[in-house]
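Structure record follows, encoded as structure tokens.
The values are calculated or read from the model by the stated rules, or taken from the named source; none is laboratory data. Predicted, not measured: the structure shown is a model, and the values here were computed from it. Here the Cβ positions follow ideal geometry from the backbone for every residue, glycine too, while neighbour counts run over all protein chains shown. For accessibility, only protein heavy atoms count, side chains too; no ligands or nucleic acids. Shrake-Rupley method; radii C 1.70, N 1.55, O 1.52, S 1.80 Å.
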Amino acid sequence: MADNPVKVIQRATWVGSIANVSLAVLKITIGKITGSQALVADGVHSFSDLITDTAILIGSRYWTAPADKGHPYGHGRFETFTNIFIGVLLLIVGIGIGWDSLSALGHETNAVPGMLAFWAAIASIVVKEVLYRWTVIQAKRINSRSLHANAWHHRTDALSSLPVAVAVIANYIFPDLHYLDQVAALIVTAMILKAAFEILWPAIMELAEAQADEDIEAKIQGYASEVPKIKEVHAIRSRRTGSTILLDFHMLVDPDMRVEDAHTISENFKSHILAQIDELVDVIIHIEPYTCAERVINPCCEEKGCDDKSCD
């Protein structure tokens, strides 16, 4: 029985939300008690995950809905907008934490974060890394880019706790290096901004109607070469909508072939490529007659004949 995408997304997101609340409260509380600005910043990062969790819980009900009269290509762009929201939120959080860290960098403090801050950071690393790996598995089960983005949000939280732990230990050993905690907070900022860019850029490219997969043309050409009755495919175009890909191209067949036979070949070929490319959900094939006039610009065709596929 196929997995229900909405249930998988909501289960994974609720588990992540509970972990985020627990870790955020733990890190901010201990950060305040021990005087670790980096741990407080890391806790704020964990709290920001709650907003993205909420966006995914709401958005998943829309982008998983089937195509209808008002949305004939489906609702995948709702997932795109959710990814943009996640990326922008991370960007804002990262800039805010970075600004606070830079402001505090020039002000010395005698407070040295205690070892409790170290153990809080270690707990965060372990919990969030486990959560990342589990969420990635759930995302792959249903091929959800938003759930995968949220998984990377967990991984970023785990990685951002690493410099916090290192800074606490280093500050404990070398108490005169007051700036280590602020430096760790800046490293956390860099990690958050990197994650924001990696989530935002693909979503922006999708809205700009960029090619869905740079290798997809080579894949289609390869599959077509395995079917003798397909003379050629060209004008291959693809675009992404959320976690799915829409594809269209022209398929050239023998001009003397019956329309019914050409249609059968195109339907079989469509079924084949849909089975081969997981993200592909719809294919439009335009059938054209294959004639020498289509390839007269190729000198090889003039020498060997237009039916010689070695000229392709």
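Computed quantities for the displayed model
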| quantity | calculated |
| --- | --- |
| Matching residues in the range 11-31 - criterion: being farther than 20 Å from I97 by Cα and open to solvent by less than 10 Å² (accessible area, probe 1.4 Å) | A12, T13, G16 |
| Subset tally (residues that are part of a helix (DSSP H, G or I) and within 16 Å of I9 (Cβ to Cβ)) for the range 52-92 | 20 |
| Answer from I51, I18, I30 - the residue that is without any contact (Cβ under 8 Å) to a residue 24 or more places away in the chain and farther than 30 Å from I284 by Cβ | I18 |
| Matching entry among L57, L50 (being within 27 Å of the chain's Cα centre (by Cα), modelled with pLDDT of 80 or more and surrounded by fewer than 17 Cβ atoms within 10 Å (Cβ to Cβ)) | L57 |
| Flag for M191 being at negative phi, surrounded by fewer than 19 Cβ atoms within 10 Å (Cβ to Cβ) and in a helix (DSSP H, G or I) | no |
| Flag for Q221 being open to solvent by 50 Å² or more (accessible area, probe 1.4 Å) and either touching a Lys or Arg at 6+ places or on another chain (Cβ under 7 Å) or in a loop (DSSP other than H, G, I, E, B) (or both) | no |
| Within the range 224-267, tally of residues that are open to solvent by less than 50 Å² (accessible area, probe 1.4 Å) and either closer than 30 Å to L147 by Cα or of a type in the set (V, I, T) (or both) | 16 |
| Long-range neighbours under 9 Å by Cβ, at least six apart or interchain, first residue of a type in the set (K, R) within the range 253-278, second surrounded by 15 or more Cβ atoms within 10 Å (Cβ to Cβ) and outside any helix (DSSP H, G or I) | K270/V283; K270/I285 |
| T34 polar (S, T, N, Q), more than 17 Å from A120 (Cα to Cα) and crowded, with 19+ Cβ neighbours inside 10 Å | no |
| Checking E209 against (1) acidic (D, E); (2) free of Cβ contacts under 8 Å to residues at least 12 places away in the same chain; (3) in contact with a Lys or Arg (Cβ under 6 Å, 6 or more places away or on another chain), the condition it does not meet | (2) |
| Residue in the range 106-114 that is in a helix (DSSP H, G or I) and touching a helix residue (DSSP H, G or I) at 6+ places or on another chain (Cβ under 9 Å) present | no |
| All positions within the range 194-212 that are part of a loop (DSSP other than H, G, I, E, B) and crowded, with 17+ Cβ neighbours inside 10 Å | A212 |
| Residue count, the range 124-172 (criterion: crowded, with 24+ Cβ neighbours inside 10 Å, at pLDDT below 85 and in a helix (DSSP H, G or I)) | 14 |
